[in-house]
Each structure stands twice: as C-alpha cells, then as structure tokens.
Amino acid sequence: MPQNKQATAARLTRRSAILGLAGTALAGATLRSPPGARADFNLELEPPLRSRTRASGIRYGCAGAAPIVQPDRILLEKFAIEANIFSPEGALKWIQTEPLPGKFDFAEGDSIAAFAARNDMLMHGHTLVWYTANPDWVANLRTGQAAQAALERHINVEVSHYRRKIWAWDVVNEAIEPDDRLAEDYRDSVWLRCLGAGYIDLAFRLTRAVDPQVPLCLSEYGIEYVGPKPRRRRAALLALLRKLREQNTPVDCLSLQSHLEAHQTFDRAELTGFLREVVKLGYHLMITELDVNDCRIGGSPDQRDRATARHLAEYLDIVFAVAKPLSIATWGLSDRSTWLRQYWKRADGSPLRPLPLDADLKRKPMWAVLARYLAGQERQPT
Ligand code: XIL
C-alpha cells in the first residue's frame, strides 16, 4: 500500500475504533415507501426516534437552549424523549463561554451536560472556533501572537472542562465563504486575518492535544444544491479537506450542517461526487444542523409538511448512498422554536414549519422520514 494510503487506513481504523462505528459505504438502490404514504398511520403511537437508533448506531440529536435558560419545560422533556444527543444551540459559543479574556462561564454548557447525563444523552460540542458569536475582545484581536494566545487558552480550558462529556467537537465552524472573495474561498474572520489559513490546523491540533479521544469535526453548510455558489463551496471545502489530510491535521469528521431549503434542487450528481471524495479521504460524516426551510414553497401546512419530508428523504437518500452518517441532528425539535423564524418570513405570513414536530409537538411526516433513516433502513440493492 502506498504510504499515504496506509496512513489513511490506519487513521480510519483508529478513528472507527474510537467512534465504535465504521462509516459504511452503501451500494446504490431505491427507497421503500414514500414519506407520509399511509394516512391512517398514527405517528404518535410510534416509539421515539432515539429508540430507532439502537440497531443502526446512528444517533439522533437536537439543538436547543440550555436547560437553565429554557422556560419551555415541555419542549425540553420532548428532547429527552426523542433524542440521544443534545446540541448546544448557543451555550458553547465563545461569546457565552469566555465573554472576557480568561473569564470562563460554563453555567449553560454544564446544565446541558447534566441534563444529557441524567437522560442518557450525549452532548455535541458546538463550537470552538467561528467567525461570529465572538465577544468584542476576540473580534478586536489584531496580531497573530494575541490571536494564538487567545485560541490556545480558550481551547485548553474549554476542551479540558468538557473532556469525556462531549461526544464530538465542531472545532472549526464555517471556514468557507466564496462571497468574501479571498484566496481559496476562505471566509474572512478575525482568525484568518491574524493567523492566516493555518488557524484551522492550529485549532484542531490544540484540541487533539487536550483530548486525544474525542472525534473532531469541521462544520460547513451550503453545499447541497445546483448553482454556481454551492458548486464553488463544494470545491473550496473539498480542497480544504484535502489540504488538512496532507498536513496530517487531526480531523475525523465533516459536519454537514444541512440547513435545507425545500424550494431548491439538489445537485445529486455533484453532491454524491463530493461526498464520495470526502469519504475516500477518510472522513466520517455527521448531519449536525438539519432543518428544511419552507419559506418559499406554496400550499397548506399539510402540503408543505409533505413537501419538506420528501425533500429530506431525497437528501438522506443521497447521503446514505455514499456513507451512513454517525448521527443526524436537527437544529431544534419543534416548529415552535426555530432560529429560522428570526431570519425568514413567508409571504403569506404563516409561520415556518422546518422541524420534525409541529408547534403543538405533534410528529410530522418529516419525523417519519427521520425514523426510517435513523433505523438504518438502507436502500435495497435493485
Ligand atoms: C444560530 C442559532 O440557532 C441562533 O439562535 C443564533 O442567533 C445564531 O446562530 N450555523 C451554525 C449555528 O453553525 O451555530 C447557527 O446557530 C445556525 C447556522
């Protein structure tokens, strides 16, 4: 075996052992039944999503507010019923965890860790290094030395604090942005300005040094659809992932944020090709921030729910045909609380319905699609 292939194989075996899973490649085939096909089928009587994941090993996560700042106790209870991963929606962002230099505040994150432990859930580490949600003192860093010192302290303290409590870290979030018109389509950020593109490698190495076991992920969005921009994002992300492999940067996973938009068209061929390359490079896949934006599709709530479920099935079909993700997490659980409502308004004024439960916490067709894929119902070879 050529040396680099040997290294990749060894890394994969090591990582697979750590994760307790193999990123199984699946042969192409067809879906069983269309989502929502059985109108008489009562989803409420079905066992929760987390129970589906036992056989397949694919975990189900939800992002949400930390229990100490979550007034909606019923929603919180639903998290524990449906999910076996809790993703902090904001609790681990820098502005929250280190608002002033060296003054750490883990109250919110710790309340998630405690809730997760009580309810036999894992906790996702989102996120250590991002271009936004930083306190002013970070946004105003100006030199490489100061930025490196800040990064080192932040990662050392936070990753040690959560060692053995976090099942995977999104170490670097959203490193690509073609609209910023910078070399290699890297996103403009305080980190890029102070440290150059090497900040990505540095962040991963720092994290790995503190926790040799935890899987480390690069997280990205905007790669699913047809069009010049997603194409450019896929190319830039793949180039970055290749470079990180060549540099032997300790990255285990690609976190596919998967903020889907029901009015868009998947670039099935290119997305498949992209994912195949990513898996070939030895990366595992996780789906970490799934929602299906229904802002720009017409129809009644029922029709929209069926359309978002179909859209999701199409997406999961593409991903699963390449490799089973280690987990699927939705960015929220119920339509009563979704970040999208801050940014998107439907022309008809009706509220968005992007998540698996509706605003009354009733399971939607999207829930049924998740149940099917989480059970690992792989496509059958034709
Ligand atoms: C979002 C939160 O959901 C919002 O509440 C907050 O106002 C902004 O950030 N990609 C990410 C997440 O990686 O951290 C973002 O979360 C959504 C997009």
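In order along segment 163-174, the Karplus-derived 3J(HN,Hα) couplings, from 6.51 cos²θ - 1.76 cosθ + 1.60 at θ = phi - 60°, round to 4, 6, 10, 10, 8, 7, 9, 7, 6, 10, 10, 6 Hz, and Gly and Pro are given as x.
Taking the chain, the Cys residues with no second Cys beta-carbon under 4.7 angstrom are Cys62, Cys194, Cys295.
In plain terms, the chain from Arg163 to Ala55 could stretch by 36.2 nm, reckoned as 0.36 nm per residue minus the Cα-Cα distance. When each of His154, His124, His259 is scored by the number of other beta-carbon atoms lying within 10 Å, the sequence from fewest to most is His259, His154, His124.
Each of Asp105 and Thr265 was given a label point 7 Å from its Cα along the Cα-to-Cβ line. The distance between the two points is 4.8 nm.
Taking 37 °C and 0.692 mPa s as conditions, segment 160-272 diffuses translationally at an estimated 218 µm²/s according to Stokes-Einstein applied to its Kirkwood radius (Cα pairs). Of the residues Ser334, Ala63, Tyr225, the one whose Cα sits farthest towards the positive end of the charge dipole of the chain is Tyr225 (charges of +1 on Lys and Arg Cβ, -1 on Asp and Glu Cβ, taken about the Cα centre).
Between Gln303 and Lys362, full extension at 0.36 nm per residue minus the direct alpha carbon distance yields a gain of 19.7 nm.
Relative to the dominant Cα principal axis of the chain, helix 3-19 is inclined by about 60°.
Extension gain for Arg242-Ala375 works out to 44.7 nm (0.36 nm per residue, less the C-alpha to C-alpha distance). Expressed as an acute angle from 0 to 90° and rounded to the nearest 10, what is the orientation of the C-alpha long axis of helix 73-82 relative to the principal long axis of the chain? Helix 73-82 and the main axis of the chain meet at about 90 degrees.
Ordering Ile95, His124, Asn140 by Cα displacement along the dipole of the chain toward the positive end leaves His124 in first place; charges were set at the Cβ atoms of Lys, Arg (+1) and Asp, Glu (-1). Semi-axes of the equivalent ellipsoid of segment 218-372 are 29, 15, 14 Å, computed as sqrt(5λ) over the eigenvalues of the C-alpha gyration tensor in descending order.
Over all projection directions, the Cα-based convex hull of the chain averages an area of 18.9 nm².
Taking the chain as the reference, fit the longest principal axis to its C-alpha atoms, fit the long axis of helix 365-374 to the helix C-alpha atoms, and give the angle between the two in degrees, 0 to 90, nearest 10. On a 0 to 90 degree scale, this one is about 60.
Please list the non-local residues whose amide H lies under 5 Å from the amide H of Ser87, H modeled 1.01 Å from N, same-chain partners needing a gap of 5 or more. Amide H neighbours of Ser87: Cys62, Ala63, Gly64, His124. Longest span of the chain, sites excluded, free of trypsin sites (Lys or Arg not before Pro) in DSSP loop with at most 14 other C-beta atoms within 10 Å? Longest gap between qualifying sites, sites excluded: 182-295. Using R₀ = 22 Å, calculate the FRET efficiency as 1/(1 + (r/R₀)^6) where r is the Cβ-Cβ separation of Thr272 and Arg296; round to 0.05. FRET efficiency, Thr272 to Arg296: 0.35.
Note on segment 112-190 and segment 315-367: Cα centroid distance 24 Å, given to the nearest whole angstrom.
Values in this text are rule-based calculations from the coordinates and carry no lab data. Remember, it's a predicted structure, so these values are computed and weren't measured experimentally. Note: ideal-geometry Cβ built from the backbone for every residue, glycine included; neighbour counts use all protein chains shown.
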